[in-house]
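One structure is given here, and the rest of the page talks about it.
The values are calculated or read from the model by the stated rules, or taken from the named source; none is laboratory data. Note that this is a predicted model, so its numbers are computed, not measured. Neighbour counts are summed over all protein chains in view; Cβ atoms, including those assigned to glycine, are modelled from backbone coordinates with ideal geometry.
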Amino acid sequence: MDVMNEASCLPVSPVGSLEDQEGGHNWLIRSLWLRRAVGFCGGPPKSRKSWLGLEAAVAIASGKPCLGRFPVEDCGPALVFMAEDSTAEVRERVRQICIRRSIDINELDLNVITASSLRLDNPEQRRLFVATIDRFKPKFLLLDPLIRLHNFDENSAREMSALLGFLRQVQREFDVSIMITHHANKKTHGRPGERLRGSGDLYAFADSALYVFPNGGSFELTVEHRAAPSLDPFQIELSTEDGQTCLEIIDAVSHSDTDINQRVIELLRRSGKPMTRTLIRSQLGVQNQRLSICLNRLLDAGIVSRSSDGWSCGMGKTLFDH
């Protein structure tokens, strides 16, 4: 048998000479998204996927913690394509996130692809897409949503593998992390990733993934990684303060901690009329996340009610009735 020369075979390296991953897992956003990851932000419609994608983009472009909590390990330029939002809507969302995170939007290294459409199954659009990545060299790329990026059959593993293979090639060539938002199907069972719409190859493909599903009055965020430990699921909500909206984490509160619950009930009873959450918070002097979990618990228990005017005490029930 003839011995093949180097030019006639695939590139091979001794394992000891491969790139060293210093410090364990190589994070872009610690615990949320791996560096060089290609993956999905998935969930049903109106589950805050676009807000979460923009939150990640703003964090990476600014170096500020994502969701106010998860440190950015490797900040740099971010590039986003939002197929279902106008440029004015994108700017307004980013502006509100920046205000809440104490970021100057004019100093933010975040660019928006403003093309009316982007079809990555079209050779010419692929060429323009690659040229754009090459020019701006983003550290992070957000594509929102997957359904607007192609005309393939999402249930066809063959057709979707061609698109995913192209994105993997872009990731490797330009050393960019890519987050793609994608809708979930109507299943109510199975792992979150198994509920992504279309071919099962989508779930298998992701290096990092964020899944957002409704849970009571808030949303549960599940984080998964191919090559790193995953976080326990936690609650997030779209919070508005002083006219500015962004996603916030709802910290868990022990059910044995009845002090804040009772204070909220007494305040609403004394008021005699609906109170906004901002007003409740200011009068009780409690953290936003702690108040949110309290109000949602009381709402689920039927102790308080919520209307367009604000929060009110319910039908005379107390915590001890439950």
Quiz item: Any idea how many residues of segment 65-88 are buried (at least 18 other Cβ atoms within 10 Å of the Cβ), within 15 Å of the chain's Cα centre (by Cα) and either free of Cβ contacts under 8 Å to residues at least 12 places away in the same chain or in a loop (DSSP other than H, G, I, E, B) (or both)?
Solution: 1
Practice problem: Would you confirm whether any residue within segment 65-88 is within 23 Å of F234 (Cα to Cα) and of a type in the set (G, A, S)? | Solution: yes
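State whether one or more residues within segment 138-147 are among the basic types (K, R) and free of Cβ contacts under 8 Å to residues at least 12 places away in the same chain.
No, segment 138-147 contains no residue that is among the basic types (K, R) and free of Cβ contacts under 8 Å to residues at least 12 places away in the same chain.
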Quiz item: Would segment 176-194 turn up any residue that is basic (K, R), more than 16 Å from M82 (Cα to Cα) and at pLDDT 95 or above?
Solution: no
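Scan segment 225-241 residue by residue and report those that are of a type in the set (D, E) and out of contact with any Leu (no Cβ under 8 Å at 6 or more places or on another chain).
Of segment 225-241, the ones of a type in the set (D, E) are 232, 237, 241.
Across segment 225-241, the qualifying residues are D232, E241.
Based on this model, can you work out whether L120 counts as touching a Ser or Thr at 6+ places or on another chain (Cβ under 8 Å) and either of a type outside the set (A, V, I, L, M) or not in a helix (DSSP H, G or I) (or both)? I'd like the intermediate steps shown before the answer.
Working: touching a Ser or Thr at 6+ places or on another chain (Cβ under 8 Å): no; either of a type outside the set (A, V, I, L, M) or not in a helix (DSSP H, G or I) (or both): yes.
The answer is no for L120.
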Practice problem: Specify the residue that is modelled with the lowest pLDDT; the eligible residues are those in segment 217-262 that are under 18 Å from the mean Cα position of the chain (by Cα) and among the charged types (D, E, K, R). | Solution: D251
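Condition check ((1) under 18 Å from Y211 (Cβ atoms); (2) in the same structural domain as Y211 (by TED's automatic domain parsing); (3) touching a helix residue (DSSP H, G or I) at 6+ places or on another chain (Cβ under 8 Å)) across all residues:
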| position | (1), (2), (3) |
| --- | --- |
| R35 | no, yes, no |
| G42 | yes, yes, yes |
| L52 | yes, yes, no |
| C66 | yes, yes, yes |
| V72 | no, yes, yes |
| A83 | no, yes, yes |
| R95 | no, yes, yes |
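Can you confirm whether F152 is assigned to a helix (DSSP H, G or I), assigned by TED's automatic domain parsing to the domain that holds L54 and of a type in the set (F, W, Y)?
Numbers: assigned to a helix (DSSP H, G or I): no; assigned by TED's automatic domain parsing to the domain that holds L54: yes; of a type in the set (F, W, Y): yes.
Spelling it out, it is not the case that F152 is assigned to a helix (DSSP H, G or I), assigned by TED's automatic domain parsing to the domain that holds L54 and of a type in the set (F, W, Y).
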